[in-house]
Amino acid sequence: MLYTIKNDRLEISADTFGAELHSVRFDGKEYLWQCGVAWKRWAPILFPFICSPKDRAYTAKGKAYKMKGNHGFARDMEFQFKGQSENSLSFVLTENEESLAQYPYKFSLEVRYTINDNCLRVENFVTNTGGEDMYFYLGAHPAFNCPLNDGDSFDDHYVEFDEDEHITQKLGGEEVVLVEKGRTLDMTRALFDNDSIPLEFPNSKAISLRSKKGGSYVRLEYPVSDCITVWSPTGDDRAEFVCLEPWTSVPTFYDDEFEAIEDKPHALKLAAGETYRYYYDIKLY
């Protein structure tokens, strides 16, 4: 079920299924990709994995598990609607029979959306409701319309970091340098021929999607993320969007050397009864 909140300029909608954003409208303009043929998502939540371990398989507490889908299961589960205020929406997911078959931990995952002027804050609260340590990854996958302005093309756009970055992409076992001590990355279809472009431990804590012709743009601030990823499908002109993805770390498959989730270097460890807060801001201009 969809729920909506709005102020004088910003209006958002989110669904109980996946607690996923379905709309982000600012001054009447839609900034969020609207789940088209090229990609049938809007802004999924990635939990308890970012991407997947090899063959979607891993072990936990000495037992073998296999995920049904990529990026964990939260994006494909029905959340409970927790509540609504004038400027916020909250949804919550807890373990169930389906999740426990893939992931042995008891948890609560609350997703909260709060609007203020031109800013949407997205908060995730992961609580370990079990009696032992739990391990997980967490990330976001919002897709923003590209082009953002009438008359622009996909290739008119670029992403801009707040600080100089060294950005590489793996190609046939080698790393190709995309940006060397620079802040901008031009958008082309070919740029994503080798899938997404993750940047671990970025110097920047914000990234923007802009047009070389000016006009509307979106800025994503990620103060508590150790990885920011840029992605769009390659070779499909119907994919009129770019994903700016803040993640707690690099993808799970970077840790495939370690089968047990307890040993995966980038997995977050949360003690029984503790809560982990993760957030990022989307600012519209």
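We did not get these values from a lab; they are worked out from the coordinates using the rules stated. Values in this document were obtained by computation on a predicted structure and should not be read as measured data. Glycine also receives a Cβ, built like all others from the backbone with ideal geometry; neighbour counts cover every protein chain displayed.
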| query | Out of the residues in the range 99-138 that are within 18 Å of the chain's Cα centre (by Cα) and not in a strand (DSSP E or B), which is surrounded by the most Cβ atoms within 10 Å (Cβ to Cβ)? | reply | TYR137
| message | Which condition from (1) farther than 27 Å from TRP39 by Cα; (2) surrounded by fewer than 22 Cβ atoms within 10 Å (Cβ to Cβ) is the one that THR234 breaks? | response | (1)
| remark: Expected single match for within 18 Å of PHE253 (Cβ to Cβ) and touching a residue at least 40 places away in the same chain (Cβ under 8 Å) among SER216, SER208, SER196 is SER196
| Checking LEU199 against (1) under 16 Å from the mean Cα position of the chain (by Cα); (2) closer than 24 Å to ASN149 by Cα; (3) not hydroxyl-bearing (Ser, Thr, Tyr), the condition it does not meet | (2)
| task | Report the residue count in the range 7-35 for those that are crowded, with 17+ Cβ neighbours inside 10 Å and of a type in the set (Lys, Arg). | result | 1
| request: Could you tell me which numbered condition THR4 fails, if it satisfies all but one of (1) part of a loop (DSSP other than H, G, I, E, B); (2) surrounded by fewer than 17 Cβ atoms within 10 Å (Cβ to Cβ)? | output: (1)
| request: Please list, ordered by first then second residue, the pairs with beta carbon atoms under 8 Å, 6 or more apart or interchain, first in the range 27-38 and touching a residue at least 12 places away in the same chain (Cβ under 8 Å), second outside any loop (DSSP other than H, G, I, E, B) and of a type in the set (D, E, K, R). | output: TYR31/ARG25
| the range 84-95, subset of a type outside the set (A, V, I, L, M) and within 14 Å of LEU109 (Cα to Cα), residue surrounded by the most Cβ atoms within 10 Å (Cβ to Cβ) | PHE91
| Number of the exception - ARG183 against (1) within 20 Å of the chain's Cα centre (by Cα); (2) closer than 25 Å to LYS283 by Cβ | (1)
| message | I'm trying to understand the selection: among the residues of the range 7-33, which are in a loop (DSSP other than H, G, I, E, B), under 16 Å from the mean Cα position of the chain (by Cα) and not hydrophobic (A, V, I, L, M, F, W, C)? | response | GLY18, GLU20, TYR31
